[in-house]
Amino acid sequence: MNTYTIVGGGIAGASIGYHLAKDGHKVTLYDRRDAGQATKASAGIIAPWISQKRNKDWYKLVTAGARYYPEFVSSIEAETGVSTGYKQEGIISLFKDNAVLEKGYKRIYSKKENAPEMGDVYKLKRHEVKEMHPHLTDLYPGVYVEGGGQIEGANLLKALKAGFIHHGGTWLDKDFVPDHDHASGLVIYSTGAWAIEQGYAPTIEHQRSEVLHFEVKNDQKVKHAPVVMALGPIYLVELGENKYAIGTTHEKTESFSTEPSVENYEYLKDLAHRYFPDSEIEVIDMMVGLKPFTRDFMPYIGYAGEYTFIANGLGSTGLTASPILGKEIARYLNNQTTVLDFDDYSYI
Ligand SMILES: Cc1cc2nc3c(=O)[nH]c(=O)nc-3n(C[C@H](O)[C@H](O)[C@H](O)COP(=O)(O)OP(=O)(O)OC[C@H]3O[C@@H](n4cnc5c(N)ncnc54)[C@H](O)[C@@H]3O)c2cc1C
């Protein structure tokens, strides 16, 4: 049994803590619960095969992440009795027209060979998109991927915290101050956007992202709708009967403010009207999260000193990547074989 201190209880720290505690180690986790925590603001889309990003190490991580989700979620829900909100209703990727759709379909379908968890992948005509997602506009054709999933970040954190404590971990809702708090064993920093306070390489920058939560006023009741990757970087996720979130804005900033911006509110509300043209939109809330990035948009997982380990820079796919990372980091620290090669993620 080893002793670990984890600083940061977002999805990264909580996943690592959970897997280490489950392996029988003595783990203490500090979480300051900063406003802007990325995990709580996240849309929770688990569908890495749709992305056009080409980096192979990133792709290996996020596809392993998506593959691990169903098993991981059913095990932690059974252990803790906490529902994570995980569902696999599939994902529709929309395209501007049929010519672009053909290219998109080829790109997405080609990934199926090495990712059978994608399930069925097929094209949807405009009216078929509407049949599958009745509130949505019928302006665009799409590609449907059956294995696309969605998780509720805040609920997953609740389950991880309960599982961590169940396995003997100590969770402290407080700031970790190195000169004041005695850290035992290896210290794992998963402090997201706030890593700048520790000053370890690589530099972690952050993007401020906003998501609008709203209800559609429409006689047709829709529940269990697939996730929608709309045009550009826009997505729509269903959050309960006739409730959705639309996002997201990206703004690189040094500010840690989490005040919603009026401009982004209007922008996202406008988009909600565009994608749900037949419904009245009633805004529920605006969520603001600070997404941690490295300069190269790659996660950094590795040592920063003899007793210091970093897991950060998870960017836009941290919810997808973190559970498998937690499992694999625990195996790595236990000197067990891992599926991921950590040299690929500790590039400094
Ligand atoms: C709007 C939005 C949408 C997203 N959508 C998706 C998506 O669809 N799919 C997907 O896979 N990913 C998505 N992401 C990305 C994902 O949410 C992040 O990559 C992930 O949550 C990062 O987790 P983290 O644990 O590194 O950081 P965070 O969740 O930000 O957690 C860091 C924690 O560290 C704590 N902390 C910092 N310093 C200290 C200290 N000194 N002492 C104690 N605690 C400290 C903070 O309080 C915080 O709780 C989205 C993110 C945002 C913002």
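Residue-by-condition table, conditions (1) aliphatic (A, V, I, L, M); (2) within 28 Å of Leu186 (Cα to Cα); (3) surrounded by 13 or more Cβ atoms within 10 Å (Cβ to Cβ):
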residue: Leu268; (1), (2), (3): yes, no, yes
residue: Leu271; (1), (2), (3): yes, no, yes
residue: Phe276; (1), (2), (3): no, no, yes
residue: Ser279; (1), (2), (3): no, no, yes
residue: Tyr300; (1), (2), (3): no, yes, yes
residue: Asn334; (1), (2), (3): no, yes, yes
residue: Thr338; (1), (2), (3): no, yes, yes
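Any residue at all in segment 48-70 that's among the acidic types (Asp, Glu) and either within 11 Å of the ligand (Cβ to nearest atom) or open to solvent by less than 60 Å² (accessible area, probe 1.4 Å) (or both)?
Start the filter on segment 48-70 by keeping residues that are among the acidic types (Asp, Glu), which leaves 57.
Cutting the leftovers down to either within 11 Å of the ligand (Cβ to nearest atom) or open to solvent by less than 60 Å² (accessible area, probe 1.4 Å) (or both) gives us 57.
Looking for residues that are among the acidic types (Asp, Glu) and either within 11 Å of the ligand (Cβ to nearest atom) or open to solvent by less than 60 Å² (accessible area, probe 1.4 Å) (or both), one finds at least one in segment 48-70, hence yes.
Considering segment 281-296 alone, what residues qualify as being exposed (fewer than 13 other Cβ atoms within 10 Å of the Cβ) and closer than 30 Å to Glu197 by Cβ?
Once the filter is applied, which keeps residues that are exposed (fewer than 13 other Cβ atoms within 10 Å of the Cβ) and closer than 30 Å to Glu197 by Cβ, segment 281-296 yields Asp285, Arg295, Asp296.
Quick check, is Lys87 charged (D, E, K, R), touching a Gly at 6+ places or on another chain (Cβ under 7 Å), away from the ligand (no atom under 13 Å from the Cβ) and under 25 Å from Glu210 (Cα atoms)?
Working: charged (D, E, K, R): yes; touching a Gly at 6+ places or on another chain (Cβ under 7 Å): yes; away from the ligand (no atom under 13 Å from the Cβ): yes; under 25 Å from Glu210 (Cα atoms): yes.
So Lys87 passes the test.
Considering only segment 18-37, how many residues are within 11 Å of the ligand (Cβ to nearest atom) and either closer than 29 Å to Asn2 by Cα or open to solvent by less than 30 Å² (accessible area, probe 1.4 Å) (or both)?
To start, the set of residues in segment 18-37 that are within 11 Å of the ligand (Cβ to nearest atom) comprises 29-37.
Add one more test, that the residue is either closer than 29 Å to Asn2 by Cα or open to solvent by less than 30 Å² (accessible area, probe 1.4 Å) (or both), and what stays is 29-34, 36-37.
Of the residues in segment 18-37, 8 are within 11 Å of the ligand (Cβ to nearest atom) and either closer than 29 Å to Asn2 by Cα or open to solvent by less than 30 Å² (accessible area, probe 1.4 Å) (or both).
Out of all the residues in segment 95-133, which are aliphatic (A, V, I, L, M) and open to solvent by 40 Å² or more (accessible area, probe 1.4 Å)? Break it down stepwise before answering.
If we filter segment 95-133 for residues that are aliphatic (A, V, I, L, M), which is where we start, we get 99-101, 108, 115, 118, 121, 124, 129, 132.
Those that are aliphatic (A, V, I, L, M) and open to solvent by 40 Å² or more (accessible area, probe 1.4 Å): Ala99, Val100, Met132.
In this structure, is His206 under 21 Å from Gly289 (Cα atoms) and either touching a helix residue (DSSP H, G or I) at 6+ places or on another chain (Cβ under 7 Å) or part of a loop (DSSP other than H, G, I, E, B) (or both)? Outline the logic, then answer.
On the way: under 21 Å from Gly289 (Cα atoms): yes; either touching a helix residue (DSSP H, G or I) at 6+ places or on another chain (Cβ under 7 Å) or part of a loop (DSSP other than H, G, I, E, B) (or both): yes.
Considered against the rule, which asks whether it is under 21 Å from Gly289 (Cα atoms) and either touching a helix residue (DSSP H, G or I) at 6+ places or on another chain (Cβ under 7 Å) or part of a loop (DSSP other than H, G, I, E, B) (or both), His206 comes out as yes.
How about segment 96-119: which of its residues are in a loop (DSSP other than H, G, I, E, B) and over 23 Å from the mean Cα position of the chain (by Cα)? It would help to see each step written out before you state the result.
Filtering segment 96-119 for residues in a loop (DSSP other than H, G, I, E, B) gives 96-97, 115, 119.
The answer is Lys96, Asp97.
Looking at (1) within 27 Å of Gly149 (Cβ to Cβ); (2) away from the ligand (no atom under 12 Å from the Cβ), which one does Gly247 not meet, given that it meets all the others?
Failing condition for Gly247: (2).
Residues in segment 128-147: is at least one within 16 Å of the chain's Cα centre (by Cα) and within 19 Å of Ala230 (Cβ to Cβ)?
No.
Run Ala225 past the list (1) aliphatic (A, V, I, L, M); (2) under 30 Å from Ala99 (Cα atoms); (3) part of a strand (DSSP E or B) and report the number of the one that doesn't hold.
Against the list (1) aliphatic (A, V, I, L, M); (2) under 30 Å from Ala99 (Cα atoms); (3) part of a strand (DSSP E or B), Ala225 comes up short only on (3).
On the given criteria, is Gly149 closer than 30 Å to Asn264 by Cα, touching a helix residue (DSSP H, G or I) at 6+ places or on another chain (Cβ under 7 Å) and not hydroxyl-bearing (Ser, Thr, Tyr)? Walk me through how you get there before you give the answer.
Values: closer than 30 Å to Asn264 by Cα: yes; touching a helix residue (DSSP H, G or I) at 6+ places or on another chain (Cβ under 7 Å): yes; not hydroxyl-bearing (Ser, Thr, Tyr): yes.
It is true that Gly149 is closer than 30 Å to Asn264 by Cα, touching a helix residue (DSSP H, G or I) at 6+ places or on another chain (Cβ under 7 Å) and not hydroxyl-bearing (Ser, Thr, Tyr).
What number of residues within segment 227-244 are over 21 Å from Glu266 (Cα atoms) and open to solvent by 10 Å² or more (accessible area, probe 1.4 Å)? First the steps, then the outcome.
Taking segment 227-244 as the starting set, the residues that turn out to be over 21 Å from Glu266 (Cα atoms) are 227, 240-241.
Of the ones still in play, those that are also open to solvent by 10 Å² or more (accessible area, probe 1.4 Å) are 240-241.
Matching residues across segment 227-244 total 2.
In segment 166-209, what count of residues is obtained for those that are among the hydroxyl-bearing types (Ser, Thr, Tyr), under 20 Å from Gly326 (Cα atoms) and near the ligand (Cβ under 9 Å from one of its atoms)? Let's see the steps before the verdict.
Step one: list which residues in segment 166-209 are among the hydroxyl-bearing types (Ser, Thr, Tyr), which gives 170, 184, 189-191, 200, 203, 209.
Within this subset, residues satisfying the condition of being under 20 Å from Gly326 (Cα atoms) are 170, 184, 189-191.
Restricting the remaining residues to those that are near the ligand (Cβ under 9 Å from one of its atoms) gives 189-191.
Residues in segment 166-209 being among the hydroxyl-bearing types (Ser, Thr, Tyr), under 20 Å from Gly326 (Cα atoms) and near the ligand (Cβ under 9 Å from one of its atoms): 3 in total.
Being in a loop (DSSP other than H, G, I, E, B) and either surrounded by 14 or more Cβ atoms within 10 Å (Cβ to Cβ) or modelled with pLDDT of 95 or more (or both) is the requirement here; does Gly163 meet it?
Working: in a loop (DSSP other than H, G, I, E, B): no; either surrounded by 14 or more Cβ atoms within 10 Å (Cβ to Cβ) or modelled with pLDDT of 95 or more (or both): yes.
No; evaluated as a whole, the condition is false for this residue.
Starting from segment 118-147, take each residue that is on the phi > 0 side of the Ramachandran plot and list its partners that are open to solvent by 10 Å² or more (accessible area, probe 1.4 Å) and among the charged types (D, E, K, R), counting only C-beta distances under 8 angstrom and pairs at least six apart or across chains.
Gly119/Glu146
The values are calculated or read from the model by the stated rules, or taken from the named source; none is laboratory data. Because the structure is a prediction, the values reported are computed rather than measured. All Cβ positions, even for glycine, are placed from backbone atoms using ideal geometry, and neighbour counts span all protein chains on display. The area values use the complete protein model at the heavy-atom level, side chains included, leaving out ligands, DNA and RNA. Shrake-Rupley method; radii C 1.70, N 1.55, O 1.52, S 1.80 Å.
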